[in-house]
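Colleague: Before we start, here is the structure in question, set down as C-alpha cells.
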Amino acid sequence: MAELFERSEKNPLISRRDLPYQANAVFNAGAADLGDEVVLLLRVESTSGRSHLTVARSRDGVTGWKVGDRALLHPAQGFPHETFGCEDCRITWMEDLKAWGLAYTAFSEYGPGVALALTRDFKTVERIGLAFPPDDKDAALFPRRFGGLYAMLHRPAVGGGSVWVGYSPDLVYWGKSQVVVPARGGPWWDGVRVGAGLPPIQTEAGWLVIYHGVKEVARQPIYRFGAALLDLKEPHRMTARGRRWMLAPREPYEQTGDAPNVAFPSGGFVRGDELWVYYGAADSCICLAKARLSDILEVVLAERVE
C-alpha cells in the first residue's frame, strides 16, 4: 500500500466558486485549529495573476466554510518585498509570543523570499519582514525555541532544491542554516526537489515533518508528499525518513488544473491520534486528507538514518 492518508469525501473543500469575489484559483492553505473552529489562510490567485492570503473559517474543518471578503495579506498593502504577491503560508502557534506565526512566500520583482508576520485573531497582522531573501520559499516555523533560538525550515534555490533549517534570536536575523532534508536525486519520488509542508509536529519520536517531493516524468513534475523525523533537541539532524510517498495525485481534481499532478501539503494539525493535512490540488483547489499519526511514525521509524 503506497498511501497512508484517506481523502475527505467532501474534497475539494474549497474552490474558486466558493469565494465571495472573482479569482482564478485558491490553493496551498495554512491551517490553525482553534478548538471551536478551524481557520485556513488561503492562497488566492486573482485574475491579475498575483496571489494574496485570505481567511476562511469552519466549525468542523470540513464543511460550511466562511471566506473573508478582504485579504489579510495583499500585495497592494504597500510592502516592497510583496509587490508581486503573498503565497503559501504556514501557520505555527508560538507559545512564548502568545501569537500565531505566519511564514509565507513574499514575491517581488526580485523573486520569491521568505517573510514572517504575527497574528492573534486572524483579523489584524503584524509584519516582521523578510527573513530570507530571494530565491527562497516553503518556510515553516517550529513552535518553540532551541537554546534560546527560534528555528525555521526553508527551501533556498541553491543546494539542489533541499529543505534547510535556520536559527534566529529574534525572528529578524537568521543564520546557522544547513541542509536537513535533501532532495534524493535519481529516480526517487522526491529526487528533483523537496520543500517543507506542514509546520513541524512534536512527537515522542522526534519532530515530524510532512514535506512535498517532486519527480519529473517526461519533463512534467509530479508533486507527492511524505514524511521525515528530526531530532527533538537538534532539529538540524534528520533521524529518519520514509522511503515511499504517503499521498500522490490520483483523483481528477489533483490531476487536472492550473498545475496538473500536484498534491501540495501546507497546513494541518493533530487531533488525538489523527493527523489532518490540508493540501493544494493541481494549484486549483483545497483538499483534506487524514491518517493515523501512529501509522505514519511506524513507517518513518522503519527507515532510521544512521
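Colleague: Would you calculate a helix-derived [θ] at 222 nm for the chain, using -39,500 (n - 2.57) for each DSSP H run of n ≥ 4 and dividing by the full residue count, to the nearest 500?
Modeller: It lands at -1000 deg cm²/dmol.
Colleague: Moving on to the next point. For the stretch 204-306, which trypsin sites (Lys or Arg not before Pro) are both in a DSSP coil and crowded by at most 10 other Cβ atoms within 10 Å?
Modeller: Hits after loop and neighbour filter: R219, K233.
Colleague: Next up: For the stretch 78-193, what does the alpha-carbon gyration tensor say about shape, rounded, prolate or oblate, given a ≥ b ≥ c as the root eigenvalues, a/c under 1.5 as rounded, and a/b over b/c as prolate?
Modeller: Oblate, since a/c reaches 1.5 and b/c is not below a/b.
Colleague: If each residue's Cβ is checked for other Cβ atoms within 10 Å, how do E87, E6 rank with the fewest at the top?
Modeller: Fewest to most other Cβ atoms nearby, the residues stand as E6, E87.
Colleague: Going highest first, how would you order 186-193, 103-110 by mean Cβ packing within 10 Å?
Modeller: Details: 186-193: 17.0, 103-110: 22.1.
The peptides rank, most packed first, as 103-110, 186-193.
Colleague: Moving on to the next point. For Cα pairs less than 8 Å apart in space and 6+ apart in sequence, what is the mean separation divided by the residue count of the stretch 170-224, i.e. the relative contact order in percent?
Modeller: Details: 78 pairs, mean separation 14.7, N = 55.
After rounding, I find 27 percent.
Colleague: Let me ask something else. With charges set only on the Cβ (+1 for Lys and Arg, -1 for Asp and Glu), what does the dipole of the chain come to about its Cα centre, in debye to the nearest 20?
Modeller: 160 debye
Colleague: Would you order T256, T239 from fewest to most other beta-carbon atoms within 10 Å of each residue's own beta-carbon?
Modeller: So the ranking, lowest neighbour count to highest, is T256, T239.
Colleague: Dipole of the stretch 1-147, Cα-centred, from +1 at each Lys and Arg C-beta and -1 at each Asp and Glu C-beta, to the nearest 20 debye?
Modeller: 320 debye
Colleague: I've got another one for you. Of K10/K233; K98/K215; K137/K215, which pairs sit farther than 30 Å apart, going by alpha carbon to alpha carbon? Write down the numbers at each step before the final one.
Modeller: Details: K10/K233 38 Å; K98/K215 39 Å; K137/K215 18 Å.
Among K10/K233; K98/K215; K137/K215, the Cα-Cα distance tops 30 Å for K10/K233; K98/K215.
Colleague: Relative to the present Cα-Cα distance, how much length would full extension add between V158 and K66 at 0.36 nm per residue of separation?
Modeller: Contour length minus Cα-Cα distance gives 29.2 nm.
Colleague: Of A140, V26, V165, which is farthest along the charge dipole of the chain in the positive direction, counting Lys and Arg as +1 and Asp and Glu as -1 at C-beta?
Modeller: It is V165, whose Cα lies furthest towards the positive end.
Colleague: Okay, moving on. Within a 10 angstrom radius of the beta carbon, how do I128, I210, I201 rank from fewest other beta carbons to most?
Modeller: Fewest-to-most Cβ neighbours within 10 Å comes out as I128, I201, I210.
Colleague: For the stretch 6-301, count the residues as N, evaluate 2.2 N^0.38 Å, and divide the Cα radius of gyration by that value, please. If you can, show how the numbers build up before the last one.
Modeller: On the way: Rg = 17.3 Å, N = 296, 2.2 N^0.38 = 19.1 Å.
Cα-based Rg divided by the globular estimate yields 0.91.
Only the coordinates and a few stated rules stand behind these numbers; no lab work does. Just so we're clear, the structure is a prediction, and the values are computed from it rather than from any experiment. Methodologically, a virtual Cβ is constructed for each residue, glycine included, from the backbone with ideal geometry; neighbour enumeration extends over all protein chains shown.
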